[in-house]
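Throughout, read-outs are computed from the coordinates displayed, never taken from laboratory work. None of the values given here were measured: they were computed from a predicted structure. As a convention, Cβ positions derive from the backbone with ideal geometry for all residues, glycine included, and neighbour counts pool all protein chains shown.
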Amino acid sequence: MFAPFQDPFFQRALLAGLLIGFTNGFFSGFVVLRRTALSVSALSHTMLPGIALGILITGALTQANAFIGALTAALFVGLGSVVVSRTSRIDQGTALAILYTTAFALGVAALKYLGNYGDLQHWLFGDIRLVSSNDLWLAFAIGSVILLGSCVFFRPLLLTLFESSVASAQGVPVRAMNYLLFLMLILALVTSLQAVGCVLSVGLLVAPGATMSLLTNRTPVLFWGGGILGAFGSVLALLCAYWIDIPAGPAIVIVLGTAFLLAFLLSPKYGLLSGIRRS
Amino acid sequence: MIRNVEVSYGSVAALKDISMATSCGNRVALVGPNGAGKSTLLKAIAGLVPRQGGSIQWRGTAVKKWSREFAYLPQREEVDWDFPITVSGLVEMGRYPHLGLWKRYADKDHQAVEKALQTLGITDLRDRQICELSGGQQQRAFLARALAQEAHVLLLDEPFTGLDRNASESLAHLLTELSEEGRLILASHHDLESAPQLFNECLLLNLTQRDFGPTAKVLTDSAIEKAFAQAPLQASTTETSNP
């Protein structure tokens, strides 16, 4: 039962699960409060063509060019949607849908010229069991930036999300806060690449916060609880993946999805069953 | 004191030439037809929308964009009631302008929040999510946030809308108390019948100022008829707009 803990690969995977799960789980509080889960999904899919184009330009698949490609594509599509919505009558959701599907189509078209498909699939669905020490340091560095940014700017960010007009009246730079949230979101998505891949990364960035929002009305609990749920959910998923031999990335999302389903059904205050019992 | 305030949304004028001088202890109703600019004026005073002209002075000092002494309470439909925040969490937000990014939430802040909750009689509701409150309790929670902010000017956007009779009477009593304690209350209000009982001063407007003064004097039948006769959009294009 404890055999996996002796394996250095598994030890690194556990550490990565704790780090990435906590960072993404914590940040998922912002995603839930901002009601932008669908935008996160669009951005996570945008990372695939970003990686593909990165390989196409540099001719190789490395950690660095995958990271830069994903970041560039997400920035291009995300900030592009903001620019389009601010300078035309098209709303941001519509702009995002057009830009991300166009980017995705470009990525798919580019696949033919990449040659090495197998490696690309690794980025699609991730494999946390293959993380290197460098990956761990990268996850640690990005996680620290996200947590520090979230904590330092917690008050203005919360006020912006709750009532942007009042935040503005109190001197909060609302636009800057929105850009900060967006940048931290892209960083969080990029860290989850290795663990769950770009297709499933949205699960890590939405499920913990959504689960906690069914269990608490206290905003700090939503964030820290989301972090703890993301971390321990990832560790539990890694163990399950080892014991029943399933891929680790999907296991993480399945465990977090199950936690959400349990909260949805059994939450003492906002659960479906307690609602039925009350009525 | 408000002098010649002007607000435009693009090329469309929302407010022109609004001026009034009032002082602490007053309750001022902003009255006019739908689209007359009542909410816009409140937002302009709060610093939520930019002013194209005019000035606002508070205690002899010009208010450039916003003042910590002004608290704006939005209309009910503008609030995300499902936001996971408790009453005490909401009231604590009133301390944010004092705390900034770095300052620790200290005893002084805790005491201000407790006092605000007590004054508004909602200490027992402190752990409730804001959605679990009645309309009157929700107004009290937002007023408590304004008190925790130590705001002296309360800018209320249609505070009586959606309240039942008991809650309306209770809020009216509360606003009277708050103004007697020395706060200035400015509120948009659409019910002409109740305005004289609730507010001692009134600004009648329809894009431009029609009258300002004691409520009973301003809200005469002829003044109301004249102000409400003109649809706001008929006069909404500025001189600079294209034909």
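Here are the numbers:
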quantity: Dipole magnitude of chain A, debye to nearest 20 (Cβ charges: Lys/Arg +1, Asp/Glu -1, about Cα centre); calculated: 820 debye
quantity: Computed over the protein assembly as shown, Cα set: Rg, Dmax in Å; calculated: 27.1, 89
quantity: Neighbour-count order for B:MET20, B:MET93, fewest beta carbons within 10 angstrom listed first; calculated: B:MET20, B:MET93
quantity: Region A:1-96: chymotrypsin sites (Phe, Trp or Tyr not before Pro) in DSSP coil with no more than 13 other Cβ atoms inside 10 Å; calculated: A:PHE2
quantity: Partner chain coverage, peptide B:62-70 - average Cβ within 10 angstrom; calculated: 2
quantity: Kirkwood hydrodynamic radius (C-alpha pairs) into Stokes-Einstein, region A:157-233, 10 °C and 1.306 mPa s, D in µm²/s; calculated: 115 µm²/s
quantity: When region A:132-279 is reduced to its Cα atoms, the Kirkwood hydrodynamic radius in Å; calculated: 16.9 Å
quantity: Global geometry of region B:4-63, whether rounded, prolate or oblate, following the gyration tensor of its Cα atoms and the 1.5 cut on a/c; calculated: oblate
quantity: Trypsin sites (Lys or Arg not before Pro) restricted to region B:82-170 and DSSP loop, no more than 14 other C-beta within 10 Å; calculated: B:LYS103, B:ARG104
quantity: For q = 0.13, 0.15, 0.22 Å⁻¹, Debye-computed log10 I/I(0) when each Cα of region A:93-207 counts as one equal scatterer; calculated: -0.69, -0.86, -1.24
quantity: Virtual spin-label span in nm between B:GLU225 and B:SER11, 7 Å along Cα→Cβ; calculated: 3.7 nm
quantity: Average beta-carbon neighbours from other chains, 10 Å sphere, peptide A:28-41; calculated: 1
quantity: Neighbour-count order for B:VAL91, A:VAL32, fewest beta carbons within 10 angstrom listed first; calculated: A:VAL32, B:VAL91
quantity: Order of B:TRP102, B:TRP81 under a 10 Å beta carbon neighbour criterion, fewest first; calculated: B:TRP102, B:TRP81
quantity: Cα pair distances exceeding 19 angstrom across region A:195-279, given as percent; calculated: 41 percent
quantity: Å³ per residue enclosed by the Cα convex hull of region B:12-148; calculated: 155 Å³
quantity: Two-decimal log10 I(q)/I(0) for region A:8-273, as the Debye equation yields it once each C-alpha is a single scatterer, q = 0.09, 0.10, 0.11, 0.17 Å⁻¹; calculated: -0.40, -0.49, -0.60, -1.34
quantity: Among B:SER222, B:GLY54, B:ALA144 - extreme Cα towards positive end, dipole of chain B, charges at beta-carbon; calculated: B:GLY54
quantity: Order by protection proxy (mean Cβ within 10 Å, highest first), peptides A:196-207, A:90-101; calculated: A:196-207, A:90-101
quantity: Per-residue average of Cβ from other chains inside 10 Å of A:164-177; calculated: 5
quantity: Angle in degrees between helix B:107-119 and the longest Cα principal axis of chain B, rounded to the nearest 10; calculated: 70 degrees
quantity: Where labels lie 7 Å past Cα in the beta-carbon direction, separation of B:ALA62 and A:TYR113 in nm; calculated: 5.9 nm
quantity: Descending principal axes extents, chain B, alpha-carbon based, whole Å; calculated: 55, 40, 35
quantity: Extension gain (nm, one decimal) between B:GLU180 and B:GLN197, 0.36 nm per residue minus Cα-Cα; calculated: 4.6 nm
